[in-house]
Each structure stands twice: as C-alpha cells, then as structure tokens.
1. Quick check: from the Cα gyration tensor, does segment 79-138 come out rounded (a/c under 1.5), prolate or oblate?
2. Please determine, in degrees from 0 to 90 and to the nearest 10, the orientation of helix 142-159 with respect to the longest principal axis defined by the Cα atoms of the chain, where the helix direction is its Cα long axis.
3. What list of ³J(HN,Hα) couplings, whole Hz, do you get for segment 122-136 from phi and the Karplus terms 6.51, -1.76, 1.60, once you set θ to phi - 60° and write x for glycine and proline?
4. Give, in nm to one decimal, the length gained when the segment between Met151 and Val12 is fully stretched (0.36 nm per residue of separation minus the Cα-Cα distance).
5. If the reach is capped at under 14 angstrom between alpha carbons, list the aspartates and glutamates near Lys74, excluding any in the same chain fewer than eight residues apart.
6. Please give the per residue accessible area of the chain, computed with a probe of 1.4 Å over protein heavy atoms only, in Å².
7. Quick one: which residues, 5 or more positions from Ile107 or on another chain, have an amide H under 5 Å from its amide H? H modelled 1.01 Å from N in the peptide plane, none for Pro or chain starts.
8. Probe 1.4 Å, all protein chains in place: accessible area of Asp139 in Å², nearest 10?
Amino acid sequence: MTAQRTETNRSVAHGVFTIERTYSSVTPQRVFDAFASIEGKNGWFTAPNDRWDVVERTMDFRVGGRERLKGQWKTGLVTEFDATYFDIIPGERIVYAYEMHIDGRKISVSLATFEFKPSGAGARLIMTEQGAFLDGYDDNGSRERGSREIMDKLSAYLEG
C-alpha cells in the first residue's frame, strides 16, 4: 500500500557526481556506439543478470527520442528507467534526462551527460549526473554506486 503524499511531506534532495573511464584500445566513436543502439546497450546497460530480468526495453536514439528499460528483480521489486534524449553529437556527446521509478513510485529525475574524448590512441568517457531525489527517497549514494557498476559493465563490454 502506498502512502498518500501531501504538500507537507514532499521534498527534494539533490546530488551530483562524475565518473571517468579511460580505454586504451577503443576509440571515442566505439564508446559512443555502445550507447547509440539497443544492441549495444543490451551488452552492458542492465542490472546484474542473475538477480534481475528485463520486462521491457525500447530505444529511439535521436534528439527528442525516448528510451525505456523496465525490469523485475528476483525479490519482485520493479524498476523503471524512462529517458528523453536532448542532445546527441555523434562520437562526442549525449545528454538525456530520465525518471526512475520503483514499484511505480517516481523516486528521481536526473540529467545525465556523457562526453567521449580522445585519450592517446584510446578514449576517455566522462559521465556527469545531476539528480533530484523526490519525496523522502533517501538515495544515500546508491545512484552513484549503481552508475559505477554499470560503467564497469561498459568497460568489460568494450574491452571483452
């Protein structure tokens, strides 16, 4: 049962973090390409596969396009990622805003920026996220930890 929210118990907490990864043998375009298609995202943009199942995945990779990923954890918990793309410069930058829901409750709205830069013969990825955590949802750093885990999965995908 979901508690009814009123003006007196609404709140917003803000968080910002940056994650950087360097890839010695992968070009910036290759890193960008891992973000630019559903096939690429299927290789790394998921929760731990042994604890989570994809329920729905759609992607329209263009400015104004939407991406949606809904999954169910083995515990029964359902998470939803709903994004809209606002800026795409092939091989250089992606900016999108997204909402996260847990069991139908909106917990956050975030702006995510990904920059793809040359680094020697390889590439450097810079991810910056600015989040608004809503109505008492206590993130306690879990978004950054989860994002770091997903970036580790991206690294394994690119270097594998």
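1. Details: a/c = 3.26, a/b = 2.47, b/c = 1.32.
Since a/c reaches 1.5 and a/b is larger than b/c, the shape of segment 79-138 is classed as prolate.
2. 30
3. Running phi through 6.51 cos²θ - 1.76 cosθ + 1.60 with θ = phi - 60° gives x, 9, 10, 10, 10, 10, 10, 10, 10, x, 10, 9, 9, 6, x Hz.
4. Residue separation times 0.36 nm, minus the Cα-Cα distance, leaves 47.4 nm.
5. Asp50, Asp53, Asp103
6. On the way: 8670 Å² over 160 residues.
Here the per-residue accessible area is 54 Å².
7. Met100, His101, Ile102
8. 20
The values are calculated or read from the model by the stated rules, or taken from the named source; none is laboratory data. Predicted model only: the values in this text are computed from it and were never measured. FYI the Cβ positions are ideal-geometry reconstructions off the backbone, even for glycines, and counts take in every protein chain you see. When the accessible area is computed, the model is the full protein with side chains, heavy atoms only, and any ligands, DNA or RNA have been set aside. Shrake-Rupley method; radii C 1.70, N 1.55, O 1.52, S 1.80 Å.
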